[in-house]
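Note sheet for the following structure.
No value in this document is a laboratory result; all are computed from the given coordinates. All values reported here derive from a predicted model rather than from experimental measurement. Methodologically, a virtual Cβ is constructed for each residue, glycine included, from the backbone with ideal geometry; neighbour enumeration extends over all protein chains shown.
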There are 2 protein chains.
Amino acid sequence: MPVDGRLARGDATRRLVLRRAADVASVDGLDGLSLGRLAGELELSKSGVFALFGSKEELQLATIQAAFGIFEAHVVTPASAVPPGLPRLRAICENWLEYSENRVFPGGCFFFNVGAEFDARPGRVHDAVASASGSFASVIRETCGEAVALGQLDADPEVLAFELHALGRAANADAVLNGGTRAYALARRAMRARLAG
Amino acid sequence: MPVDGRLARGDATRRLVLRRAADVASVDGLDGLSLGRLAGELELSKSGVFALFGSKEELQLATIQAAFGIFEAHVVTPASAVPPGLPRLRAICENWLEYSENRVFPGGCFFFNVGAEFDARPGRVHDAVASASGSFASVIRETCGEAVALGQLDADPEVLAFELHALGRAANADAVLNGGTRAYALARRAMRARLAG
């Protein structure tokens, strides 16, 4: 059997397991992950899945990385095609609400869930979650800074970024907990007021 | 042994277990609770603790109720001694940030944690978390409505309440995840701007 083919199949299996793991963790948390359960649900051999990840912690870390790639592809990357400053800031906010509302992950925003799960539990998983969350916070803050520097908004970029980040998370939290779309409408109205220019 | 004495000791044990359970759940989640582990940590008999709660789900439901009592005693009850409308709204916001910042629960706001944990998991625990969270949201919304009715603020009470609720939760989330007090300072500045009257 050619080595290249085996490696390619290993990569495909890895992607399949990680996508499923991110979906499961968005509902049940990263502690709810089990290599055995994932292998069973995906009808893969347990030994093959164990060989790919080695430990539950390695699976959790790889799941965070995979979920962040999906988050960026839905929220950040499309906004980078939009002109910098206020238009890009509006695009980030709208992409983010749509990513939550469309349930790209079945439990709503992956990072909202695992952030709350690991916020007070020191270790490698905490650090990976904090790094991903901090990276998105930086994107919002820098884009707020651009909008202010371009004279499109009159605000303290750090406070404005904190407010927008808060509104998006609250919309996700309320909508997933209570159902319905009212929380997204409220977040859109509050964001519009902050970004009125 | 007099029956009254046994009942009183049962109540005291129940309170002790629930306070510890709320602390544990604020870090490890309600799924992280174990009757056996709680009994061991508190040096109580396992059979006694099992008899008090019966099942893990009953323990989780009782823990939510106990945690909500502690939350109300720190955040809502002291604010009801403050004049209605804007002063009371400011007191609720400040009490809430202090409750998070002082780590009344070691993992930060209990309801932030268990809300994210059970938001997408239908059942009695979800409903109890949603009810507690909704009850606090109503207090904020009604107090915003009073401030608007008294002419102290010019705002849509529902949007304003959503914003304040979002800012408090974001402060708790960022501070617990990243450490430090910067997130509380940002939330205070943003709340002050919304409540400038």
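Taking all Cα-Cα distances within the protein assembly as shown, those exceeding 37 Å account for 26%.
Placing dummy labels 7 Å off each Cα toward the beta-carbon, the span from B:Glu94 to B:Glu43 is 4.1 nm. Averaged over the residues of peptide B:17-27, the number of Cβ atoms from other protein chains lying within 10 Å of each residue's Cβ is 1.
The convex hull defined by the C-alpha atoms of the stretch A:1-70 has an orientation-averaged projected area of 4.7 nm². Within 10 Å of each candidate Cβ there may be at most 12 other Cβ atoms; applying that plus a DSSP loop requirement, which GluC sites (Glu not before Pro) in the stretch A:30-81 survive? Those satisfying the criteria are A:Glu43. When the Cα positions of B:Ser47, B:Pro87, B:Ala147 are compared along the charge dipole of chain B, B:Ser47 comes out farthest toward the positive end, with charges on each C-beta of Lys, Arg, Asp and Glu. Charging the Cβ of each Asp and Glu at -1 and of each Lys and Arg at +1, and nothing else, the dipole of chain B about its Cα centre rounds to 400 debye. Does a label point 7 Å from the Cα of A:Asp156, set along Cα-to-beta-carbon, have any residues of the stretch A:120-150 with amide nitrogen under 17 Å, and which are they? Of the residues in the stretch A:120-150, A:141-142, A:144-146, A:148-149 have backbone N under 17 Å from the label point off A:Asp156.
Relative to the other identical copies, A:Ser131 shows label-point distances of 4.3 nm, where the label point lies 7 Å from Cα along the Cβ direction and values run shortest first. Between the amide H of A:Gly85 and those of A:Ala147, distances stay under 5 Å, these residues lying 5 or more places away or on another chain, with hydrogens modeled in the peptide plane. Counting only the Cα atoms, the stretch B:56-194 fills a convex hull of 102 Å³ per residue. If you fit an axis through the alpha-carbon atoms of helix B:86-101 and take the longest principal axis of the Cα set of chain B, what angle between them do you get, 0 to 90°, nearest 10? Result, in degrees: 50.
The relative contact order of chain A comes to 21 percent, based on Cα pairs under 8 Å that sit 6 or more residues apart. Between the helical axis of B:157-178 and the longest alpha-carbon principal axis of chain B there is an angle of about 60 degrees. Projecting the Cα positions of B:Ser131, B:Leu167, B:Leu59 onto the charge dipole of chain B (unit charges on Cβ atoms of Lys, Arg, Asp and Glu, taken about the Cα centre) puts B:Leu59 furthest along the positive direction. Placing +1 on each Lys and Arg Cβ and -1 on each Asp and Glu Cβ, with no other charges, gives the protein assembly as shown a dipole about its Cα centre of roughly 340 debye. Peptide B:165-172 has a mean of 6 when you count, residue by residue, the C-beta atoms of other protein chains within 10 Å of its C-beta.
Ellipticity at 222 nm from helices only: DSSP H runs of n ≥ 4 in chain A, each -39500 (n - 2.57), divided by the residue count, give -25000 deg cm²/dmol. Helix A:182-194 axis versus longest C-alpha principal axis of chain A: approximately 50°, rounded to the nearest ten. Suppose you put the label 7 Å out from Cα in the Cβ direction; list, shortest first and in nm with one decimal, how far B:Gln65 is from each other copy's label. So the label point of B:Gln65 gives 4.7 nm to the other copies.
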